[in-house]
């Protein structure tokens, strides 16, 4: 492989762009969530800072940065400091494999609009999404607080319930695209989106990613109202901010992956590919906010029951049916 | 099929929240827009005067006794004509819970609640209102009432000239 300086510059440019866009979008997703939830509840939401409250994320950031960085007595110092990073970093890293636009040609180089086109991209996603839960587990364990510990135990129990069905729901996608490479999966959907062939797998994946990013029907690790704030009870300032922003980055990233796997990625008529991709991702984000405004929280055992006794068998049956269908079609 | 009814319930809930997104918010943007409180809203307490301009309060301590948080204190005094008044009268609004018991207890309708709810202060000591802060030049919610026209025999008018009062009977004239 030849390392052309222009290639390297383009790669660094892509990384910087992804970082900037993802972090800004995550901050504004917090704002959007507060606004949409307010509208659902017949309120107005934040509207004081700047026009229509648009500078609210900035004000929140200043607040988080100037708060006291608090560590409880008896907390495991290094794990306590490590956990927020463990929650936020894998979430951003997953986005490295998501193709967010059609390949461009710049300075005579073909630029994939994707930070890294790995041939095992889908497996990397599964691995990193499992790593992300370490942030929850370690944060709760290191805090030396019963609420945080209960939250992290729930987080782990939740992980083993949804991770399996999430993985199994992606198997039909791989069978249809015949590749783990995300750009191949997107290209396989140029004609027809996989949601048409795989509505059941899409539903299972959607439910699983709601559990993955700890959104409301499955927000057991946080469960404000039962566990104070769950695993991040003892965190303050920017460390709490990292957990928080990590959760919203997770929404964007998982929305992006759901788009890539089932909604044809950046494919779409008339509009530029990147616009299609962002529209689909934002639609997922809106769906999550909408669901949060509607549904109550499930109980811990209900989630495990649902994951193990319904989602996983359904996903297995779906794989079998897909296999038969592919064999019969030849 | 239970699962179908469950899904229908989910969809109904989602539809309801969807409709509420487009509904007008009920929020009142407080410092800019203010709602008009009802006339009987219980907020800042005032001491009113009777139609003749005299103080209604007779410093009977009933409001102070009725107050569940003990925020009213006063010192009674008496004029040369026998009319009682409060030498000083103090309400600590930082303790007041605006229950209105004082206004209900008052026999002369002197102490009354007003709808003015904006009494925030920078210094908590400013919330202790003295008599000159409380006393208003008006009759409040009972414009025609003058306690001394109905009671307080012989204080502001001669005996027998009150509103529901008959002239005193000459006891000797009743003798057989």
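The values are calculated or read from the model by the stated rules, or taken from the named source; none is laboratory data. Predicted, not measured: the structure shown is a model, and the values here were computed from it. All Cβ positions, even for glycine, are placed from backbone atoms using ideal geometry, and neighbour counts span all protein chains on display.
Would you pick out the residues in the stretch A:268-306 that are surrounded by 20 or more Cβ atoms within 10 Å (Cβ to Cβ), more than 16 Å from the chain's Cα centre (by Cα) and more than 27 Å from residue B:16 (Cβ to Cβ)?
Residue satisfying the conditions is A:276 alone.
Table: residues versus (1) in a loop (DSSP other than H, G, I, E, B); (2) within 10 Å of chain A (Cβ to nearest Cβ); (3) more than 30 Å from residue B:76 (Cβ to Cβ); (4) in contact (Cβ under 8 Å) with a residue 12 or more places away in the chain.
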position: B:4; (1), (2), (3), (4): no, no, yes, no
position: B:7; (1), (2), (3), (4): no, no, yes, no
position: B:10; (1), (2), (3), (4): no, yes, yes, no
position: B:20; (1), (2), (3), (4): no, yes, yes, no
position: B:23; (1), (2), (3), (4): yes, yes, yes, no
position: B:37; (1), (2), (3), (4): yes, no, yes, yes
position: B:52; (1), (2), (3), (4): yes, no, no, yes
position: B:57; (1), (2), (3), (4): yes, no, no, yes
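Looking at the stretch A:189-214 only, could you name the residues that are under 17 Å from the mean Cα position of the chain (by Cα) and surrounded by fewer than 22 Cβ atoms within 10 Å (Cβ to Cβ)?
Once the filter is applied, which keeps residues that are under 17 Å from the mean Cα position of the chain (by Cα) and surrounded by fewer than 22 Cβ atoms within 10 Å (Cβ to Cβ), the stretch A:189-214 yields A:202, A:203, A:206, A:207.
For residue A:320, only one of the following conditions fails: (1) more than 14 Å from chain B (Cβ to nearest Cβ); (2) surrounded by 15 or more Cβ atoms within 10 Å (Cβ to Cβ). What is its number?
(2)
Of all residues in the stretch A:69-84, which are at pLDDT 85 or above and touching a helix residue (DSSP H, G or I) at 6+ places or on another chain (Cβ under 7 Å)?
A:79, A:80, A:82, A:83, A:84, listed by residue number.
Return the residue satisfying two criteria in turn: it lies in the stretch B:80-134 and is touching a helix residue (DSSP H, G or I) at 6+ places or on another chain (Cβ under 8 Å) and more than 22 Å from residue B:39 (Cα to Cα), and of such residues it is surrounded by the fewest Cβ atoms within 10 Å (Cβ to Cβ).
So the residue we want is B:121.
Scan the stretch B:87-94 and give yes if some residue there is closer than 15 Å to residue B:105 by Cα, away from chain A (no Cβ under 14 Å) and modelled with pLDDT of 90 or more, otherwise no.
The answer is no, given that none of the residues of the stretch B:87-94 is closer than 15 Å to residue B:105 by Cα, away from chain A (no Cβ under 14 Å) and modelled with pLDDT of 90 or more.
Give me a count of the residues in the stretch A:70-113 that are under 23 Å from residue A:132 (Cβ atoms) and touching a strand residue (DSSP E or B) at 6+ places or on another chain (Cβ under 8 Å).
2
When you check residue A:175 against the structure, is it in a helix (DSSP H, G or I), at pLDDT 85 or above and out of contact with any helix residue (DSSP H, G or I) (no Cβ under 8 Å at 6 or more places or on another chain), yes or no?
no
Checking the condition without any contact (Cβ under 8 Å) to a residue 12 or more places away in the chain and either buried (at least 17 other Cβ atoms within 10 Å of the Cβ) or away from chain B (no Cβ under 13 Å) (or both), which residue from A:55, A:25 passes? I'd like the intermediate steps shown before the answer.
Details: A:25 fails: without any contact (Cβ under 8 Å) to a residue 12 or more places away in the chain.
Just one listed residue meets the conditions, A:55.
Do you know which residues across the stretch A:12-48 are closer than 20 Å to residue A:289 by Cβ and not in a helix (DSSP H, G or I)?
Of everything in the stretch A:12-48, those that are closer than 20 Å to residue A:289 by Cβ and not in a helix (DSSP H, G or I) turn out to be A:41, A:42, A:43, A:44, A:45, A:46, A:47.
The rows are residues; the columns are (1) farther than 24 Å from residue A:139 by Cβ; (2) out of contact with any helix residue (DSSP H, G or I) (no Cβ under 8 Å at 6 or more places or on another chain); (3) touching a residue at least 24 places away in the same chain (Cβ under 8 Å).
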{"position": "A:242", "(1), (2), (3)": "no, no, yes"}
{"position": "A:248", "(1), (2), (3)": "no, no, yes"}
{"position": "A:260", "(1), (2), (3)": "yes, no, yes"}
{"position": "A:267", "(1), (2), (3)": "yes, no, yes"}
{"position": "A:288", "(1), (2), (3)": "no, no, yes"}
{"position": "A:304", "(1), (2), (3)": "no, no, yes"}
{"position": "A:309", "(1), (2), (3)": "yes, yes, no"}
{"position": "A:318", "(1), (2), (3)": "yes, no, yes"}
{"position": "A:321", "(1), (2), (3)": "yes, yes, no"}
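In the stretch B:135-145, which residue that is crowded, with 17+ Cβ neighbours inside 10 Å and in a loop (DSSP other than H, G, I, E, B) is farthest from the chain's Cα centre (by Cα)?
Step one: list which residues in the stretch B:135-145 are crowded, with 17+ Cβ neighbours inside 10 Å, which gives B:135, B:139-140, B:145.
Pick out the ones that are also in a loop (DSSP other than H, G, I, E, B) and you get B:139-140, B:145.
Numbers: B:139: 12, B:140: 9, B:145: 15 Å.
Ranking the qualifying residues of the stretch B:135-145, first place goes to B:145.
Whether any residue in the stretch A:60-83 is in contact (Cβ under 8 Å) with a residue 40 or more places away in the chain, in a loop (DSSP other than H, G, I, E, B) and within 25 Å of the chain's Cα centre (by Cα) is what I want to check.
no
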